[in-house]
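A short write-up of the structure that comes next.
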């Protein structure tokens, strides 16, 4: 489990919240599965919703270009721009295509 405090101690060259977000993305891509918010980052640019911003950076890190390029072929893509699968239409449950209406 990754902890914000350990990340900040191990990377004392981080001087802004934006740099911390990038460091969180790096540990997420390295295979960490969980992130603990044990301290509030004490940077001048730390926003009010800092927990949500770090959590989003951690869980959606694989959507950035460098990670997406290294994703194995056929790996699932997460996020709002992910394509609908043939088993589940983009319209959601109960949506029917015109072909199904005619049958």
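Provide the gained length on full extension for the span residue 46 to residue 16, in nm with one decimal, where the gain is 0.36 nm per separating residue minus the Cα-Cα distance. Working shown, then result.
Working: separation 30, 0.36 × 30 = 10.80 nm, distance 0.76 nm.
Length gained between residue 46 and residue 16: 10.0 nm.
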Residue 59 to residue 36: extension gain in nm, 0.36 nm per residue of separation minus the Cα-Cα distance? 7.0 nm
Using a basic spin-label model with each label point 7 Å from the Cα along Cα→Cβ, how many nm lie between residue 26 and residue 5? 2.2 nm
If you look at just the Cα atoms of the stretch 1-71, how large are its Rg and its Dmax in Å? 11.6, 35
Sorted from fewest to most neighbouring beta carbons within 10 Å, what does the list 16, 30 look like? 30, 16
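No value in this document is a laboratory result; all are computed from the given coordinates. This is a predicted model, so every value here is computed, not measured. Virtual Cβ from ideal backbone geometry, glycine too; neighbours counted across all protein chains shown.
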